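K.L.:
Dropping a structure here in structure tokens format, bear with me for questions.
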Amino acid sequence: MYHIVKKESHTNMELPTVFVDRYMPSARPAFVKIYLMGLRQCYTSKPKGNKEIAQELGLLESEVIEAWKYWAQQGIIRLKQNEGGGYEVEFLDLSNARTEPYVRTETKPTYTSDEICDRAEDDANLQHMFTQVSKMLGKPLSTVEAETLFGFYDWLRLPIDVIILLVSYCVSIGKKNMRYIEKVALNWADQDINTYEKAEQNLKQMQESNVKINRVKKIMGIYDRQLQEPELLHIKKWLYEFQMPVEMIQFACEKCALNTGKLSIPYITGILEKWHDKGIKTLQAAKEEGDAHQQKKSEKNSSGKPQNKGTKFTNFKQDKLDFSDIERRALVRKNNAEG
């Protein structure tokens, strides 16, 4: 059970400006409300517990607990384990806190096992993270794995709930290798995916993207293998650079097969690029464009067919022939020759 460590009772509550300037903008709205409500408990003789805070704010008790973990990671409260197995929430003095944002170094710092153990001993969030990741991977964490995870927290400044969600996603797609997980973590950090909401939205977009890519794979008759990198780049170009619906990609594949007798990725890219340049974004518009092109081609062939102007043979005017006269003349020539 969490509870608030009391401060001296005051009529007015002191809210550090650094909290508003630095910490509040990037935090979940619910976490901000929980922090303020918790801070309020420091100035009362009967502080409320997590359940009461959750009820008053219309939230779940689990959200209150997650908020304390988040703020502990941000370094503005401290969670201390008590004898009963619960944790005390201590609000730290922020008067000397730095107001400038954290700047990540290009290379990951080196951490010792003792340093990680000491930090985890004082930080319930780290203990929770290591335990959860170990369960997801199905084995105890190695020293290197623990150091890498700690780097997500300390170096990349990813919240604990985001790290757990990230690892859960990687495990769900069969990627338990810590190098792969670190690659995803770096990508998220570079994209400022540093809140649970952003992480959830990113995963949703990735899942939607995978569905579209798999549909294109089936259209192209690829069932028994993974896409090669050049193929994947082309498909992503069709979907996201050209913004083409899957139905139009299928139509382009059909046109390619009809014109070439096979599926050629560069040829399909050419079709889609032409539609993109012309602003054709629907299947109906693509079909109409194809019909118009075919009609124009037919009209050109029809109007371009050379007219039969004739030759000196076809224009030669033939007289009507009298075959009896020809026969008579031939007989006269024969008799004269014999005489």
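The values are calculated or read from the model by the stated rules, or taken from the named source; none is laboratory data. The structure displayed is predicted, hence computed values, not measured ones. With ideal geometry, Cβ positions are generated from the backbone for all residues, glycine too; neighbour counts draw on all protein chains shown. Surface accessibility is based on the protein's heavy atoms, side chains included, excluding ligands, DNA and RNA. Shrake-Rupley method; radii C 1.70, N 1.55, O 1.52, S 1.80 Å.
K.L.:
For segment 154-251, what is the accessible area per residue in Å² when the probe is 1.4 Å?
P.N.:
56
K.L.:
Still on this structure, please answer the following. Given 0.36 nm per residue, what is the gain on full extension from residue 223 to residue 45 after removing their alpha carbon distance, in nm?
P.N.:
57.4 nm
K.L.:
Can you give the FRET efficiency to the nearest 0.05 for residue 173 and residue 200, using r as the Cβ-Cβ distance and R₀ = 22 Å?
P.N.:
0.85
K.L.:
Out of residues 5 or more away from residue 81 or on other chains, whose amide H comes under 5 Å of its own, with H placed 1.01 Å from N in the peptide plane?
P.N.:
When sequence neighbours closer than 5 places are left aside, the close amide H contacts are 88.
K.L.:
Moving on to the next point. On the protein heavy atoms, probe 1.4 angstrom, tell me the percent of accessible surface of segment 130-193 carried by carbon and sulfur.
P.N.:
Carbon and sulfur atoms account for 50 percent of the accessible area of segment 130-193.
K.L.:
Right, something else. So what's segment 59-217 giving for Rg/Rh, alpha carbon basis, Kirkwood Rh from the mean inverse pair distance?
P.N.:
That ratio equals 0.98.
K.L.:
Sticking with the crude label model, points 7 Å out along Cα→Cβ, report the distance from residue 208 to residue 281 in nm, one decimal please.
P.N.:
Inter-label distance under the simple model: 1.5 nm.
K.L.:
Give me the percent of the accessible area of segment 248-291 that comes from carbon and sulfur atoms, probe 1.4 Å, all protein chains in place.
P.N.:
52
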